[in-house]
Amino acid sequence: MRLIIDLALASVILMTGMARAETPNVAVASNFLAPMKRIVEKYEQKYGGKVIISHGSTGQIYTQISNGAPYDLFFSADAERPEKLEMEGMAESGSRFTYAIGVLALYGKKGGVADYGVETLKKGGFRKIAIANPKSAPYGAAAKQVLEKLGLWEKYKPSLVTGENVTQTFLFVKSGGADIGFVALSDAKVSEKADGGYWIVDKSLYKPISQQAVLLKRAIGNKRAKEFMEFVRSVEIKALIVEYGYDLP
C-alpha cells in the first residue's frame with residue numbers, strides 16, 4: 001500500500017513539474033507590453049493555464065537570452081535580433097515571423113495633434129527631446145533616422161534625453177522630464193484621452209519597424225508555447241494589434 005501511495009505521489013509531482021515546464025515564459029519588447037497583456041488575458045481565458053511575461057528593450061532581452069535567460073518566446077521590436085538568434089542556434093529555425101509593424105509617433109503633453117509635425121520640429125524651442133537608445137531600441141534607431149533625414153540630428157543632439165526603451169521615453173515626456181518625445185504610437189494612443197497630443201511620423205522618414213517573434217530552443221518541446229504563438233497569429237489577435245496602433249505585415 002505504501003508503495004502505491006509513493007508512486008501516486010511521485011506521479012503528481014512529475015505531472016506538476018511538467019505543467020510548470022509547459023507554462024510559456026514570454027519576453028516582449030517594452031513597446032508591445034500593453035497589447036501583450038491583453039493577448040495573454042485572452043489566451044488564458046480561452047485555453048486556461050498561465051503565461052509569464054517579462055519585458056525590456058529589444059537589445060537587453062537579446063543579451064539576456066544570449067546569457068541563458070529562461071525564456072521560451074521572444075517578441076522583439078525588430079527583425080535583426082530574432083534572425084541573429086536563429087543563426088546562432090538559440091531559436092528554432094523557421095519559427096520566426098512578423099507579428100506587427102511598429103509605428104513611430106512624436107508625443108507631447110501640451111497642445112493638439114497638429115502641434116507636433118515636421119514644421120514644429122524645424123521651428124524648435126524645445127528644452128528636452130526624448131528618444132529611446134538608438135543602439136539597443138529599434139524605435140530609438142527610427143527616431144534618429146527621422147532627425148537625420150530632416151537635417152536636425154546635430155541641432156537636437158545636445159537636447160536629447162535617452163531612455164533604455166521606448167516606454168521609458170514615453171514616461172519621460174509624461175512626467176515632464178522632456179517637452180516632446182519619439183514614442184511608439186501604441187503608447188501615445190493609450191495616453192491621448194488623458195492629456196497631450198501626437199503626430200504620426202511620416203513613414204518615409206524611417207525604415208520599417210518590423211517586429212518579429214521567434215520560438216527559442218528551450219521551448220521546442222513546449223506545446224503551450226507553440227500554441228501561444230499560433231494564437232498571436234489568429235484573426236482575433238491581429239485585430240487587437242491594429243487597435244493598439246500597429247500595422248500588420
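The values are calculated or read from the model by the stated rules, or taken from the named source; none is laboratory data. For clarity, every value in this text was computed on a predicted model and none was experimentally measured. No Cβ is skipped: glycine too gets one built from the backbone with ideal geometry, and neighbour counts run over all protein chains shown. Quick note on the areas: whole protein, heavy atoms, side chains included, nothing else; ligands and nucleic acids left out. Shrake-Rupley method; radii C 1.70, N 1.55, O 1.52, S 1.80 Å.
Structure above, values below:
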item	result
Candidate aspartates and glutamates for bridging to Lys149, where Cα separation is under 16 Å - those fewer than 8 sequence places away on the same chain excluded	Glu119, Asp202
Region 26-96 - percent relative contact order, Cα under 8 Å, separation 6 or more	39
Spacing of the two label points (7 Å from each Cα toward its C-beta) at Val242 and Phe97, in nm	1.7
Protein-only accessible surface order, largest first, of Glu119, Glu164 at 1.4 Å	Glu119, Glu164
Read-out Cα Rg over 2.2 N^0.38 Å, derived from the coordinates shown; its label in [x] 1.16; [y] 1.03; [z] 1.08	[x]
Under 24 Å from the Cα of Lys238 - lysines, other chains or at least 8 residues apart	Lys37, Lys42, Lys46, Lys50, Lys189, Lys193, Lys203, Lys207, Lys223, Lys226
Length gained when the stretch Lys42-Lys123 is fully extended (0.36 nm per residue, less Cα-Cα span)	24.7 nm
Probe 1.4 Å, accessible area per residue of the chain, Å²	49
Apportionment of accessible area to carbon and sulfur, region 90-166, percent (1.4 Å)	50
Chain lengthening between Glu148 and Lys223 when straightened (0.36 nm per residue, less Cα-Cα)	22.5 nm
